[in-house]
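FYI, it's all coordinate maths here, none of it is from the lab. Computed from a prediction, not measured in an experiment: that's the story for all the values here. No Cβ is skipped: glycine too gets one built from the backbone with ideal geometry, and neighbour counts run over all protein chains shown.
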Amino acid sequence: MKPFLVLIFGPPGSGKSTQAENVAKKFDAVHVDTGELLRRILHDPARQHDPKIREERIKHETDGQLNDSLWVGGIVNDELRKLATDGKSVASSGFPRTIFEAEIELPVMRELFRERIFAFILRVGEETSLFRNSRRRICTKCHKPHLWSEETKNIEFCAGCGAALTTRPDDKPDVIKKRLDVYKKRTLPLFNYFESRGLKLAEVDGELAPEAVFDSIQSKLSEALPQ
């Protein structure tokens, strides 16, 4: 099978990273999480004296703003080119986030993956987004997200690598509300932009349990993927 690209969109707390990871495992792809990619760069000890890094880190963690689109677009395009050169399929969570970023990234996506680009929108309500994000924890070592549930709420260590769990600085309720507002104003218009350029987006009910959400994505993707 030729390499393909899966784009998963949704508001904060919709489970984008979880579903992209599921797609990557099932379809032998690489999960590219823009948030994690940026956090790696923003927290790189060797870059902490860089004024641009300091500026973007404040946006990311404190203000609930999106990072500079030109900067993010360049990072994403470099990552996609590297993976496509290696013949890897990609399951993404978190890019592009705005029309401006799409104008930077979509030409490269089409150059690399041609017609093999598939997009999904996870629909969840604002209350669900706030609830999930404010209770989410992240592994301090592998950075795997651990979603809150009655079964996991008392777990203190990562199920994957055993390291301690922590909360993310940008998962505070006031920051989440800012991120939701940014999503509505800057990311939602992106969907009409994609449609106008011939890229279809399949909607999925993100309120369901993660397993049910993935069943829906897997079914749609299996039908769409060229054999």
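Annotations for the structure displayed:
- For the chain, the gyration tensor built on C-alpha atoms gives a rounded shape. Its axis ratio a/c (a ≥ b ≥ c) stays under 1.5.
- The distance linking segment 4-27 with segment 75-119 is 14 Å (Cα centroid to Cα centroid, whole angstrom).
- Long-range HN-HN contacts of residue 203 with modeled amide H, under 5 Å: 121
- Sequentially through segment 116-131, phi angles give Karplus couplings (6.51, -1.76, 1.60; θ = phi - 60°) of 8, 10, 10, 10, 10, 10, 8, 8, 9, x, 5, 5, 5, 4, 5, 4 Hz, Gly and Pro residues having no value and appearing as x.
- When the Cα gyration tensor is reduced to axis lengths a ≥ b ≥ c, the ratio a/c is 1.5 or higher for segment 1-132, and with a/b not above b/c it is classed as oblate.
- Extension reserve of the residue 127-residue 52 stretch, reckoned as 0.36 nm per residue once the Cα distance is removed: 23.6 nm
- Label-point separation in nm, residue 115 to residue 30, each point 7 Å along Cα→Cβ: 2.6
- The listed peptides 211-220, 155-164, 34-43, ordered by packing as a protection proxy, come out as 34-43, 211-220, 155-164 (highest mean of other Cβ atoms within 10 Å first).
- Set of segment 10-45 residues, backbone N closer than 16 Å to the point 7 Å along the Cα-Cβ line of residue 203: 10-11
- The peptide list 93-101, 187-195, 12-20, put in order of mean Cβ contacts within 10 Å with the highest first, becomes 12-20, 93-101, 187-195.
- In order along segment 214-220, the phi-based Karplus estimate (6.51 cos²θ - 1.76 cosθ + 1.60, θ = phi - 60°) of 3J(HN,Hα) comes to 5, 4, 5, 5, 4, 4, 5 Hz; Gly and Pro are listed as x.
- Nitroxide proxy distance, nm - points 7 Å out along Cα→Cβ at residue 141 and residue 68: 3.5
- Once the C-beta distance of residue 157 and residue 1 is scaled by a Förster radius of 25 Å, the resulting FRET efficiency is 0.10 to the nearest 0.05.
- Derived scalar couplings ³J(HN,Hα) [segment 10-19; Karplus, 6.51 cos²θ - 1.76 cosθ + 1.60; whole Hz; x for Gly, Pro]: x, x, x, x, 7, x, 4, 5, 4, 6
- Contact order normalised by residue count of segment 129-227, Cα under 8 Å, 6+ apart, percent: 20
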